[in-house]
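Reading through the structure tokens given below for one structure.
Nothing in this text is a laboratory measurement; each read-out follows from the coordinates by a stated rule. All figures in this text were calculated on a predicted structure; none of them were measured in a lab. Neighbour counts are summed over all protein chains in view; Cβ atoms, including those assigned to glycine, are modelled from backbone coordinates with ideal geometry.
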């Protein structure tokens, strides 16, 4: 096996370090800002004497209690879990159908389903909000879960179809020869084999829903039902001066759960990104 040239390795590591610095610097700056008083955040040059426990406690207590971010987090968890579960229940059988059955226009229909993910949310947010108002679901969990399910299903169908394509049709036929129907073969044989795909797809759907902002802004207008992104945006208003230390603390509280979750499931995320790349 040919070994890499030392210069190539140096260049590779230099590029990786550069990317790491670009990605990590904003997050580190935000964390450091969350440890300061608002006055300290405005100092030039920056004040490096930041490790004051009372200041740190004050900032995070203000966000978690005074700014209702515990409630926002609860709302986000409920909405993410509900929409992801429903989208998986509806999208997985559809993906299996596209993988196993060929009919006229099946490829075009599958691409049309995927193309719905290409549509910018701003193009449909007003009609969706009016529909939710007509259903009487504004400012409710259902008002966000229903459109999020519609947005997640194309992602579920496309990713799960790639996983089902990797499973041989002969396995279905063997299961049905042993007495399973089509649904029985799917539930008892195929889904257990596609378990990594189910996990991967659920992860992508959950992360998308957790980060979504625009629909939440139009559909949820009261603090009792707001999600984390919408609640965070409420700090940036013209009614009062921006408290940069509190705003940075909100950013940390918002990002850390997703960051930890992503690190725990990164193996499945990589599997989803490469699904269908190798046949």
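Normalising the average separation of contacting C-alpha pairs (under 8 angstrom, six or more residues apart) by the number of residues puts the relative contact order of segment 6-62 at 29 percent.
Which shape class, rounded, prolate or oblate, goes with segment 18-82 when its Cα gyration tensor gives a ≥ b ≥ c as root eigenvalues, a/c under 1.5 marks rounded, and past that a/b bigger than b/c marks prolate? It is oblate, given that a/c is not under 1.5 and a/b is not larger than b/c. Distance from the Cα centre of segment 81-126 to that of segment 190-228, in angstrom? Between the Cα centres of segment 81-126 and segment 190-228 lies a distance of 15 Å.
Most tightly packed first, judged by the mean number of other beta-carbon atoms within 10 Å of their residues, the peptides 249-259, 148-158 read 148-158, 249-259. Helical content of the chain, expressed as a calculated mean residue ellipticity at 222 nm, amounts to -21500 deg cm²/dmol (DSSP H runs of 4 or more residues, -39,500 (n - 2.57) each, divided by residue number, nearest 500). The overall shape of segment 174-225, judged from the alpha-carbon gyration tensor, is prolate: a/c is not under 1.5, and a/b is greater than b/c. With contacts taken as Cα pairs under 8 Å and at least 6 residues apart, the chain reaches a relative contact order of 30 percent. With the Kirkwood sum run over all distinct C-alpha pairs, segment 1-136 has a hydrodynamic radius of 21.6 Å. Its alpha carbons give the chain an Rg and a Dmax of 23.4, 75 Å. The alpha-carbon atoms of segment 75-151, seen along their principal axes, cover 42, 25, 19 angstrom, with the largest extent given first.
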